[in-house]
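What follows is calculated from the coordinates using simple rules that are stated; it is not laboratory data. Bear in mind the structure is a predicted one, so any value in this text is a computation, not a measurement. Cβ placement follows ideal geometry from the backbone for every residue including glycine, while neighbour counts extend to all protein chains displayed.
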Amino acid sequence: MPENEPMVLVFLGPPGAGKGTQAARVAERLGLKKISTGDILRDHVRRGTELGKKVAPIMERGDLVPDDLILAIIKEELKKLPVVRVLFDGFPRTLAQAQALDALLAEMGLQVDAAVLLDVPEDELVARLLKRAQEEGRADDNEATIRRRLEVYRADTEPVVDYYARKGALFRLQGVGPIEDITECILKTIGAA
């Protein structure tokens, strides 16, 4: 797809599925701006912006930032682009966010072109997250905590997966194997290889 044509991709997957790694690789290959709401929020907190001051206590409590703030961030990011060519990494997380994103894109004459879901067996996810926790020195990430995070992910995100499946935009791919092979599979599946 030419770089002057709009493109909107959504990457979904549980913690540890490799969506951040693949999102960065695919965004680079296709010339897309990778948008991670978590990265944006952390940047605002670090810089002490008005938004950062508003969301810092929410994030410190471990609560989800309200949808209206997340969508305001998304709208602001999209407005900055001369041509909307984006890859959303880990957003939308809830059905309400998916529906609101569709409404926002529709206002701009756009839609989600593909929602890529990386499937990884739960035992593999737990092993990856335990390894990552050990490498990053996160003692609080034990197996029970990780399994709880996966339960929360499934409860919040299954409706999003179903939503994109009903729209015919969902591509379910295996997230196990060599990183480069997974990247190539994603590109081929979405018709960008």
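The table below lists the values:
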read-out	value
Cut-off 12 Å, label 7 Å out along Cα→Cβ of residue 5, residues of segment 157-193 by amide N	191-193
Mean-position separation - Cα centroids, segment 60-90 and segment 111-129, in angstrom	21
Karplus 3J(HN,Hα) series, Hz, for segment 124-129 with 6.51 cos²θ - 1.76 cosθ + 1.60 (x for Gly, Pro)	5, 4, 4, 4, 4, 5
Protection-proxy order for peptides 17-25, 170-178, each taking the mean of Cβ atoms within 10 Å per residue, highest first	17-25, 170-178
Estimated inter-spin distance, residue 123 and residue 110, nm [label 7 Å along Cα→Cβ]	4.2
Charge-dipole axis of segment 62-193 as Lys and Arg at +1 and Asp and Glu at -1 on Cβ define it, positive-most pick from 159, 81, 66	81
DSSP-assigned coil residues among trypsin sites (Lys or Arg not before Pro) in segment 73-162, each with at most 10 further Cβ atoms within 10 Å	80
Top of 101, 12, 81 by mean-square fluctuation, Gaussian network on the chain, Cα under 10 Å	81
